[in-house]
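One structure is given here, and the rest of the page talks about it.
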Amino acid sequence: MSLANCFPIWNRLTSEQQERILSVSEFRKVKAGTILHDGGPECMGLILVHSGQLRAYMLSGEGREVTITRFFEMDICLFSASCVMPNMQFDIFISAEKDCELFIIPACLYKNLIDESLPVASYSYDLICSHFSELTWLMEQIMWKKFDERLAQFLLEESRVENSLSLVITHDKIANHMGTAREVVTRMLRYFQSEGMVRLTRGAVEITDVKRLTALMNR
């Protein structure tokens with residue numbers, strides 16, 4: 001798969017713009033666990049996911065993490081290039097959850113494309129709106145949904161992502177995704193296990209009752 005296949009509006013660019021992108025864009029392979037953006041003011045550029053899985057998350061002053069969203073094959077992340085949009089700054093971290101292959105369009109070039117190309121400007125605005133919708137959804141979940149409902153939803157979503165009912169995931173990692181303490185996760189998972197909805201083993205969670213988790217999520 002080429003960069004052109006990963007960029008939805010490629011065919012709406014001029015040949016000169018396409019050549020500029022191809023001449024300076026970077027193809028990068030990164031290992032799982034790599035921090036791509038550390039929430040600082042530096043502007044990495046637009047990330048196009050060729051393969052793998054990225055995670056965007058926020059970090060509290062106490063060091064507690066909460067996942068905003070994840071990016072999969074063919075997804076595009078603008079959080080790492082927020083400096084190209086006026087008055088938009090994100091203190092957001094981006095890491096590789098799995099081994100990834102990425103195309104990166106440098107921020108300076110992408111900003112020039114926004115300034116000179118209406119399709120690029122419009123597409124970037126849509127991306128920003130999408131990212132803010134994810135942030136708003138996350139805030140609503142944290143503020144209004146009970147933790148057992150959120151945890152049921154997380155487990156079912158993780159099952160769909162991994163295409164498996166057996167999830168190789170630690171309580172610490174779940175806590176990082178959900179912005180809470182490990183002890184809170186452990187306590188609720190043990191309750192789920194006592195109710196027959198999951199089975200816990202070291203470093204893994206097996207979903208044993210999808211219907212009851214789904215009903216809990218939609219309560």
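Observations, loosely collected:
- Segment 145-217: C-alpha gyration tensor shape, a/c 1.5 cut-off, then a/b vs b/c: rounded
- Compared with the direct C-alpha span, the chain from Ser60 to Glu206 gains 49.6 nm at full extension, assuming 0.36 nm per residue.
- Test item: Cα-centred dipole of segment 3-143, Lys/Arg +1 and Asp/Glu -1 on Cβ, debye: 200
- Protection proxy ranking, peptides 9-21, 152-164, 175-187, average beta carbon neighbours within 10 Å, highest first: 175-187, 152-164, 9-21
- Answer label, with Rg/Rh (Cα atoms, Kirkwood Rh) calculated from the coordinates and candidates (i) 1.00; (ii) 1.02; (iii) 0.96: (ii)
- Computed E for Arg219/Val168 - FRET, C-beta separation, R0 25 angstrom, nearest 0.05: 0.35
- Charged neighbours of Glu158, selected by a Cβ distance under 14 Å, balance to +2 (K, R count +1; D, E count -1).
- Under Karplus coefficients 6.51, -1.76 and 1.60, residue-wise ³J(HN,Hα) of segment 102-118 in Hz, glycine/proline x: 10, 9, 10, 8, x, 4, 4, 5, 5, 5, 4, 5, 4, 5, 9, 10, 4
- Summary of the geometry: segment 139-155 and segment 1-62, compared by the centres of their Cα atoms, lie 30 Å apart.
- Between helix 182-194 and the chain there is an angle of about 50 degrees, using the helix long axis and the longest principal axis of the Cα atoms.
- Helical runs (DSSP H, four residues minimum) scored at -39500 (n - 2.57) apiece and divided by the length of the chain put the mean residue ellipticity at 222 nm at -13500 deg cm²/dmol.
- Listed pairs Lys145/Lys211; Lys31/Lys111; Lys29/Lys111; Lys29/Lys146; Lys31/Lys145; Lys111/Lys146 exceeding 30 Å between Cα atoms: Lys29/Lys146; Lys31/Lys145; Lys111/Lys146
- Estimated from the Cβ-Cβ distance and a Förster radius of 25 angstrom, the FRET efficiency linking Arg12 and Leu138 is about 0.20.
- When the charge dipole of the chain is built from unit charges on Cβ atoms (+1 for Lys and Arg, -1 for Asp and Glu) and taken about the Cα centre, the candidate among Cys77, Gln193, Phe132 whose Cα reaches farthest toward its positive end is Gln193.
- Unpaired by the 4.7 Å Cβ criterion, cysteines found in the chain: Cys6, Cys77, Cys100, Cys108, Cys129
FYI, it's all coordinate maths here, none of it is from the lab. Values in this document were obtained by computation on a predicted structure and should not be read as measured data. Positions of Cβ are backbone-derived with ideal geometry, glycine not excepted, and every protein chain shown enters the neighbour counts.
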